[in-house]
Amino acid sequence: MQEIQLGTSEQQAKAGSRTTRLSEAQLSDALSAMREDGIVCVKGAVATDLIAVLNEKMQADLDNRTPSRKVNAWNSLRPPPFHPYLYEEIVYNDAATAICRGLLGARATLTTYGANTSWPGQSEPQNVHRDVPDGIITEVCPAVVLNYPLTQFTVENGATLVYPESHRTSVAEAGGTRKYSEAMLAKQARARQPEQTVGIGPGDLIVRDLRLWHGGMPNVSDERRIMLALVVIDPDYTDADETGFKGFEAEQGSDDFWRNPRLETSVEFVPAGDRSYYQHGHHSTPPTALYRDWQMRKGSSKT
């Protein structure tokens, strides 16, 4: 996996900046890596003190409420979508938005503000899968996920296994089961060896094509490892478009935060007060304009 090094948090502080921009050459390298490998890591993308605040809050949320892990053992609560835990340096990170707009166009839209957790005692690896339907492969990237580790990724705490270049590999052989056969995995490994995202940690950013094959690995440590997962889509992409990544809830009073010229958002605002809306792990499907359009297209495809 290609890594692009930006400034350290100490260098950012001296410059009076909370985030560091990609140079034109670095952006070109990042876009090339996404097209060729389906994944890239930007080191030092955001100041680590912001990540530490989110980690403290999200760990405390998990202490108080454990999401169901019956369907997905890596299930997690979402990051709090309200102040004072909203940071432009993360949601509208300069490096992240530049890559998203370069891949997905000027209408690139944030549709999921979530997280994954690797839990202590998770002894079995996750089935290798991709996060979009098992449709045909095209040259067009439909969506990416922005992963911000809140703690260091190690072999012991289950750093994610990824298969570079697999975003261009058909999975029709799996028959929509998301259970890729040993033969499929072996063939892909011969083309390009899989690797774990070891050595990536707070302040770093992973951008991954949603079609890339990946899977969580066993966590033999005694710590929970959380990473933010922000899904950004091309809203005009419709081929094999069956994903539920069409919007999320945020709290009234944060309306202005979710309007930013660098990135469009698909948000349903809910009244302040009861905050249970964000303290569950599965993706929500609030009736945003994108979600209603998707439902309409699903219905018309059956007629």
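Values quoted throughout were computed directly from the atomic coordinates according to the rules given, and no laboratory measurement underlies them. Predicted, not measured: the structure shown is a model, and the values here were computed from it. Here Cβ is always computed from backbone atoms with ideal geometry, including for glycine, and neighbour counts include all displayed protein chains.
The calculated 222 nm mean residue ellipticity attributable to helices in the chain amounts to -7500 deg cm²/dmol, summing -39500 (n - 2.57) over DSSP H runs of n ≥ 4 and dividing by all residues. Here the relative contact order of the chain, from alpha carbon pairs under 8 Å that lie six or more residues apart, stands at 26 percent.
Other residues with beta-carbon under 14 Å from the beta-carbon of R224 carry, at +1 per Lys or Arg and -1 per Asp or Glu, a net charge of -2. Here the peptides 176-183, 213-220 are ranked by packing, the mean other Cβ count within 10 Å, and the order with the highest first is 213-220, 176-183. If you sort the three axes of the alpha carbon gyration tensor as a ≥ b ≥ c, you get a/c of 1.5 or more for the stretch 91-232 and a/b no higher than b/c, which makes it oblate.
Given a cut-off of under 8 Å on Cα pairs at least six residues apart, what relative contact order in percent is computed for the stretch 140-279? Please report the intermediate quantities before stating the final value.
Values: 200 pairs, mean separation 50.6, N = 140.
This gives 36 percent for the stretch 140-279.
When each of the peptides 289-298, 258-267 is scored by how many other beta carbons lie within 10 Å of its residues on average, the order from highest to lowest is 258-267, 289-298.
Distances between placed amide hydrogens fall under 5 Å for G38 paired with E165, all partners being 5 or more residues away or on another chain.
Counted over the chain, the DSSP beta bridges are approximately 80% antiparallel.
Building the convex hull from the alpha-carbon atoms of the chain and averaging its projection over directions returns 15.7 nm².
Near the amide H of V128, within less than 5 Å, lie the amide hydrogens of Y180, all on another chain or at least 5 residues away, with H placed in the peptide plane.
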